[in-house]
Amino acid sequence: MLVSAKDMLNKARDGKYAVGQFNINNLEWTKSVLLTAQELNSPVILGVSEGAGKYMCGYKTVVGMVSGMLEELKITVPVALHLDHGSYEGAIKCIEAGFSSIMFDGSHYPIAENIEKTTELVKICNDKGLSLEAEVGSIGGEEDGVVGMGECADPEECRQIADLGVTMLAAGIGNIHGKYPENWQGLSFETLAAVKERTGDMPLVLHGGTGIPEDMIKKAISLGVAKINVNTECQLSFADATRKYIEAGKDLQGKGFDPRKLLAPGAEAIKATVKEKMELFGSVGKA
């Protein structure tokens, strides 16, 4: 059964660890994440961007696939199905489809409009028992067509959004989606500390978890980050394992590739990546 992310994030905040959000893109990807979470007894958040939702034939299809897997694979750890960087319209559609957690990314709006739309979604999510993530300060890089310059959030604006009653807050602190460039300046812990001071016990979210050095990850967790998003690293490991399989010329047999065998190395690579991140975030054994 899908659950809200609220309890798992509150426990992570209090226990000084972070729950991993791993974005999913297909059946094999989802299965790998769920099996690894069960093996490590770790809570997990499955992230779905609007683009991935469309690719997988719509939000209802995603809910059906994940719900079926929870039952068939006998998954007992807490699992939240979360819209990632959703528009207001996308958030409403995912709520209607049965997602258990929603992110409304209003960071590109003026703060007044961000507050207005977030306020409406707080009421809807509270009524339905769903968790809600909001964002202040655009996350850098590009993910599924969502582009940000990596600006640092205004801590006072973070307080205004947190005071609306959202479950968790994503604040830009110099983090970006995708690969980090060589001249990246690192995370702004000064900004993170200021956001934490103004938002109190609010669980904070770090997007762009791929490529951030381990010491920065651990410091971010110590300053209130309770959820860390990973997408690019899973994409890279999946693609690299699949490429190596094809280049090795396996399973040709004059009939082409068996798709189940073709995708198996990528699925195993996802498991390894998820395990590594869960261990780094400290969520192993915390379900």
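Key figures for this structure:
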read-out: Cross-chain or 6+ apart pairs with Cβ under 7 Å, region 151-177 first and among the hydroxyl-bearing types (Ser, Thr, Tyr), then outside any strand (DSSP E or B); value: THR167/ALA5; THR167/LYS6; THR167/LEU9
read-out: Identity of the residue in region 71-82, touching a helix residue (DSSP H, G or I) at 6+ places or on another chain (Cβ under 9 Å) and either free of Cβ contacts under 8 Å to residues at least 40 places away in the same chain or of a type in the set (Val, Ile, Thr) (or both), that ends up surrounded by the fewest Cβ atoms within 10 Å (Cβ to Cβ); value: LYS74
read-out: First in region 192-221 and on the phi > 0 side of the Ramachandran plot, second anywhere and surrounded by 15 or more Cβ atoms within 10 Å (Cβ to Cβ) and in a loop (DSSP other than H, G, I, E, B), Cβ under 8 Å, 6 or more apart; value: GLY208/ILE139; GLY208/ASN175; GLY208/HIS177; GLY208/GLY178; GLY208/TYR180; GLY211/TYR180
read-out: Residue that is nearest to GLY165 (Cα to Cα) [pool: residues in region 203-229 that are among the aliphatic types (A, V, I, L, M) and crowded, with 24+ Cβ neighbours inside 10 Å]; value: LEU204
read-out: Leading residue by the ranking (nearest to ASN10 (Cα to Cα)) among those in region 179-220 that are modelled with pLDDT of 95 or more and in a loop (DSSP other than H, G, I, E, B); value: PRO203
read-out: Residue within region 48-62 that is part of a loop (DSSP other than H, G, I, E, B) and farther than 27 Å from LEU121 by Cβ present; value: no
read-out: Among the candidates GLY53, GLY68, residue that is over 18 Å from MET103 (Cβ atoms) and either buried (at least 18 other Cβ atoms within 10 Å of the Cβ) or not hydroxyl-bearing (Ser, Thr, Tyr) (or both); value: GLY68
read-out: Single residue of region 108-156 satisfying the filter (at pLDDT below 95 and at positive phi) that is surrounded by the most Cβ atoms within 10 Å (Cβ to Cβ); value: GLY137
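The values are calculated or read from the model by the stated rules, or taken from the named source; none is laboratory data. These numbers were taken from a predicted model, which means no experiment stands behind them. Note that we place each Cβ from the backbone using ideal geometry, even for glycine, and neighbour counts take in every protein chain shown.
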